[in-house]
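Chemist: One structure, as structure tokens, below. Some questions next.
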Amino acid sequence: MHVHGYVDDKEALLKRLRRVEGQVRGIARMIEEDKYCIDVLTQVSAAKSALESVALALLEDHLTHCVAEATASGGPVADEKLREASDAIARLVRS
């Protein structure tokens, strides 16, 4: 069985994601309750920041585990892992 780089941080990542899930439910509740739009936007920004934090943790794990292992082996797998990491970084920067 292949182990992903985030395996050691899995529980912490799941805890963060559950917190984000709660934030998103809270945002929906705010809209249902017709809360002030700036207050809703503030919560959207907080949820987005929390998701970005998860994404950066996953990216760091990917770089230090998957990419590092592939780079040590070399060859086309290394090139593929580097391209994947580069593409993931580009998506994060654009979002």
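The values are calculated or read from the model by the stated rules, or taken from the named source; none is laboratory data. Predicted model only: the values in this text are computed from it and were never measured. Note that each Cβ is placed from the backbone with ideal geometry, even for glycine, and that neighbours are counted across all protein chains shown.
Chemist: Among the listed residues ARG19, ARG29, which satisfies the condition of being at pLDDT 95 or above, touching a helix residue (DSSP H, G or I) at 6+ places or on another chain (Cβ under 8 Å) and either under 17 Å from ALA88 (Cα atoms) or of a type in the set (Lys, Arg) (or both)? Full working, then the answer.
Modeler: On the way: ARG29 fails: touching a helix residue (DSSP H, G or I) at 6+ places or on another chain (Cβ under 8 Å).
After ruling out the rest, the residue left standing is ARG19.
Chemist: Here's something else I'd like to know. Determine whether LEU14 is loosely packed, with under 14 Cβ neighbours inside 10 Å, at pLDDT 95 or above and under 15 Å from the mean Cα position of the chain (by Cα).
Modeler: Spelling it out, LEU14 is indeed loosely packed, with under 14 Cβ neighbours inside 10 Å, at pLDDT 95 or above and under 15 Å from the mean Cα position of the chain (by Cα).
Chemist: I would also like to ask the following. Restricting the first residue to region 63-92 and requiring it to be over 19 Å from TYR6 (Cβ atoms), which pairs with a second residue that is loosely packed, with under 13 Cβ neighbours inside 10 Å meet a Cβ separation below 9 Å and a spacing of at least six or different chains?
Modeler: What qualifies is ALA78/ALA72.
Chemist: List the number of the failed condition for SER45; all other conditions in (1) surrounded by 13 or more Cβ atoms within 10 Å (Cβ to Cβ); (2) under 16 Å from the mean Cα position of the chain (by Cα) hold.
Modeler: (1)
Chemist: What do you reckon, is GLU52 exposed (fewer than 14 other Cβ atoms within 10 Å of the Cβ), of a type in the set (D, E, K, R) and touching a residue at least 24 places away in the same chain (Cβ under 8 Å)?
Modeler: yes
Chemist: Oh, and also: Looking at GLY74, GLY5 in this structure, which one is small (Gly, Ala, Ser) and on the phi > 0 side of the Ramachandran plot?
Modeler: GLY74
Chemist: Looking for something touching an Asp or Glu at 6+ places or on another chain (Cβ under 9 Å) and over 30 Å from HIS4 (Cα atoms) - is there at least one such residue anywhere in region 39-55?
Modeler: no
Chemist: Turning to a different aspect of this structure: Condition first: surrounded by fewer than 17 Cβ atoms within 10 Å (Cβ to Cβ) and either under 15 Å from LEU92 (Cα atoms) or among the aliphatic types (A, V, I, L, M) (or both). Now tell me which residues in region 60-71 satisfy that.
Modeler: Selection gives GLU60, ALA68.
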